[in-house]
Amino acid sequence: MVAQNTKKGNHDPLVSIEWQLPEVHAQVDALQQWVCQSAQDGTSAHVFERGLFDKLLALGKTLFQAFLKLVGPGDFGPAVTLDDGHLVHRSKEQHARRLLTVFGEFSVSRWVYSQYAKSKVEFAPTDQRLQLPDSAVSYLLQEWDQLLGIEQAFGQVREVIETILRLPQSVDTLERTNQQMAAIAPVFREEQGPVDMSKEGELLVVTEDNKGIPMVRPVAEKPAGAHRTKGEKANKKQMACIGCVYSVDRHTRTPEQLVATLFRDPDRPKEQPPPAQNKRYWAELSRHLDGEDLRGQDLVFQHLQAEIDTRRKPQQWLVHLCDGQASLETDRQTYLPEDAHTLDILDLMHVLPRVWEAAHVFHAEASDAASAFVRHHLTQILHGKIGNVIAHWRRQATRQGLTGAKKKGLRALCAFLKKNKHRMRYDEYLRLGCPVATGVIEGACRHVIKDRMERAGMRWKIPGAQAMLNLRTIHTNGDWTAFQDFRITLENDWLYANTKAFAAREWPAFQAA
């Protein structure tokens, strides 16, 4: 029965809603009475808080059920002509589908339409009206599950969600949802718009690194506890590459100022360096896909190449900053621009430990002499005098008559400096205000990969590992909310592409009212 709106003189279906929800009114009244009674009984705040949350969850479930009831089963008559012109027929009886939400589990009973009695369902009006997901898990619950899942093991996620929402889920469901959600990530990244150029810095920086992920040992291999040969590792790792493009304003400083900062001298410069802007990360696992072996590093460099093509301004300096891994420099030459405004820089934090190693060849560890050695020779390196440093080390080795391991070690250190001399022009880099350390990518290697994927006892399969990398990079980029909106829209376009769209006022439940 529809309530009469006497003022307007017509029937408004919305006015009838309160007449259709007596269970909601009863539950709200009971909640109000419980609040008053709790106050009178001297209930403690923590007990009341827990009880109130449980009752609000119960009220939410009642309201959600009422919402489903008001929407109704979606009866559009015995037959409906779809957008492409063909006719589908209503099922003989309503079909039920499971829906798991943050308020609990529901059974949605609705009419479905197909060409023949046992053929594929082509039109489910209620599903379309509600924009239900393909899976039984609601979009909000999927998001909450995975927002926790990208930080914690899925077993812990299950416990947290069940503790908070009183909602049991299986680890298998959480893992499956993770991979289904992550499958949309490449499409999202492909369709993603450009960064906010108003926040772009003066220099464009590209950096990358590699990190191993512990993998599940194949069944055919011997168990990890079996006797291993010398050099054989107990756990196999699959290499993942992570890369980043960001921009930053120039930060000029002298070699002496940088050394003072590294040694934390009292008179060191106190100003903070300019922050990295518009950071975008990609992470790819080397894997076999569609009959082809894919190298994660190649995939990452392809992403970096596309991003640079989009973002780089004319005559803008492009800084390639990485550690001493030779393949990174080789792939930069293959994939990234090489012009008069491109600089290759070796991460200074991969040079500094080697200077300390050289110091300990000649001086005792933790001695003032070793510290003075490092300060002096690092300053020389930052002034671009690599050849002088190498010559000095060799002369000193000859004077002291080094032999054995010390001689061999110093020879390797000199070879490292000589090999990388072309990307150790730190005097030029500092004058241009370029960054000379890979803190951005080192931090991402730890946060994106190690913190989640190298915990004690964790072993991954390739699909699950790549899915986790996809979602963690999206979250690290600050694109989580945009990604959720994108994937919901994309999935709904796919699920309901060949059905009519009905406005809420045309919905049968309101027409019947």
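Miscellaneous remarks
- Checked against (1) under 27 Å from residue 106 (Cβ atoms); (2) open to solvent by less than 50 Å² (accessible area, probe 1.4 Å); (3) touching a residue at least 60 places away in the same chain (Cβ under 8 Å), residue 209 passes all but condition (1).
- Residue within segment 173-185 that is outside any helix (DSSP H, G or I) and at pLDDT below 95 present: no
- Residue count, segment 149-164 (criterion: buried (at least 19 other Cβ atoms within 10 Å of the Cβ) and in a helix (DSSP H, G or I)): 5
- Selection within segment 75-102: residues that are basic (Lys, Arg) and in contact with an Asp or Glu (Cβ under 8 Å, 6 or more places away or on another chain). The member of this set that is least open to solvent (accessible area, probe 1.4 Å) is 97.
Residues are listed down the side, and each one gets a yes or a no for (1) over 23 Å from residue 243 (Cα atoms); (2) open to solvent by less than 10 Å² (accessible area, probe 1.4 Å); (3) touching a Lys or Arg at 6+ places or on another chain (Cβ under 6 Å):
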position: 276; (1), (2), (3): no, no, no
position: 280; (1), (2), (3): no, no, no
position: 284; (1), (2), (3): no, no, no
position: 294; (1), (2), (3): no, no, yes
position: 326; (1), (2), (3): no, no, no
position: 362; (1), (2), (3): yes, no, no
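- Hits in segment 165-174 (condition: open to solvent by 80 Å² or more (accessible area, probe 1.4 Å) and either without any contact (Cβ under 8 Å) to a residue 24 or more places away in the chain or more than 25 Å from residue 96 (Cβ to Cβ) (or both)): 168, 172
- Qualifying residue in segment 329-341 (condition: under 28 Å from residue 464 (Cα atoms) and open to solvent by less than 40 Å² (accessible area, probe 1.4 Å)): yes
- Taking the conditions (1) within 23 Å of the chain's Cα centre (by Cα); (2) open to solvent by 70 Å² or more (accessible area, probe 1.4 Å) in turn, residue 301 satisfies each one other than (2).
- Condition check for residue 449: touching a Cys at 6+ places or on another chain (Cβ under 8 Å) and surrounded by 14 or more Cβ atoms within 10 Å (Cβ to Cβ): no
- Hits in segment 428-465 (condition: in a loop (DSSP other than H, G, I, E, B), farther than 30 Å from residue 256 by Cβ and in contact (Cβ under 8 Å) with a residue 24 or more places away in the chain): 454, 455, 458, 459, 461
- Filtered by the rule that a residue be in contact (Cβ under 8 Å) with a residue 24 or more places away in the chain and crowded, with 18+ Cβ neighbours inside 10 Å, segment 103-124 gives 103, 106, 108, 110, 111, 113, 123, 124.
- Some residue of segment 413-420 being at negative phi, touching an Asp or Glu at 6+ places or on another chain (Cβ under 7 Å), open to solvent by less than 20 Å² (accessible area, probe 1.4 Å) and at pLDDT below 95: no
- Condition met for residue 306 (within 30 Å of residue 465 (Cβ to Cβ), at pLDDT 95 or above, of a type in the set (A, V, I, L, M, F, W, C) and surrounded by fewer than 16 Cβ atoms within 10 Å (Cβ to Cβ)): yes
- Segment 386-423, residues that are closer than 19 Å to residue 324 by Cα and among the basic types (Lys, Arg): 411, 418, 419, 421, 423
- Residue in segment 227-242 that is assigned to a strand (DSSP E or B), buried (at least 19 other Cβ atoms within 10 Å of the Cβ), modelled with pLDDT of 95 or more and of a type in the set (Val, Ile, Thr) present: yes
The values are calculated or read from the model by the stated rules, or taken from the named source; none is laboratory data. Keep in mind the model is a prediction, meaning the values are calculated, not measured. All Cβ positions, glycine included, derive from the backbone under ideal geometry; neighbour counts span all protein chains shown. These accessible areas exclude ligands, DNA and RNA; they are computed on the full protein's heavy atoms, side chains included. Shrake-Rupley method; radii C 1.70, N 1.55, O 1.52, S 1.80 Å.
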